[in-house]
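**Q** Encoded as structure tokens, here's the structure I'll be asking about.
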Amino acid sequence: MKVRYIGVTDNMVLTHGKAYTVIAVEKGWYRIETDMLGDYLFHPQQFEEIID
């Protein structure tokens, strides 16, 4: 699944407006590969789903 980050940019983690691939969904949270720090879990409310 592809999602777009709608939160505030954090240069080491996520960039506002950037599309990310959800690696997995774990207990309702999205596991996403961050910009520089590896993969972490994030609350889905921080993203909007991109529909192809």
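Bear in mind that the values in this text are calculations on the coordinates, not laboratory data. Keep in mind the model is a prediction, meaning the values are calculated, not measured. No Cβ is skipped: glycine too gets one built from the backbone with ideal geometry, and neighbour counts run over all protein chains shown.
**Q** Counting other Cβ atoms within 10 Å, which trypsin sites (Lys or Arg not before Pro) in the chain have at most 15 and lie in a DSSP loop? Could you put the intermediate results ahead of the total?
**A** Values: sites: 2, 4, 18, 27, 31; in loops: 18, 27.
In loop regions of the chain (DSSP not H, G, I, E or B), the sparsely surrounded trypsin sites (Lys or Arg not before Pro) are 18, 27.
**Q** Follow-up. What full-extension length gain, to one decimal in nm, is calculated for residue 23 and residue 6 as 0.36 nm per residue of separation minus the Cα-Cα distance?
**A** Working: separation 17, 0.36 × 17 = 6.12 nm, distance 1.80 nm.
Contour length minus the Cα-Cα distance gives 4.3 nm.
**Q** Could you pull the Rg and Dmax for the chain, using just the Cα atoms, both in Å?
**A** Expressed in Å, the Cα Rg and Dmax of the chain come to 9.9, 28.
**Q** Now, a different point. So, in nm, how far is label residue 40 from label residue 15 when the simple model puts each one 7 Å beyond its Cα toward the Cβ?
**A** It works out to 1.7 nm between the two label points.
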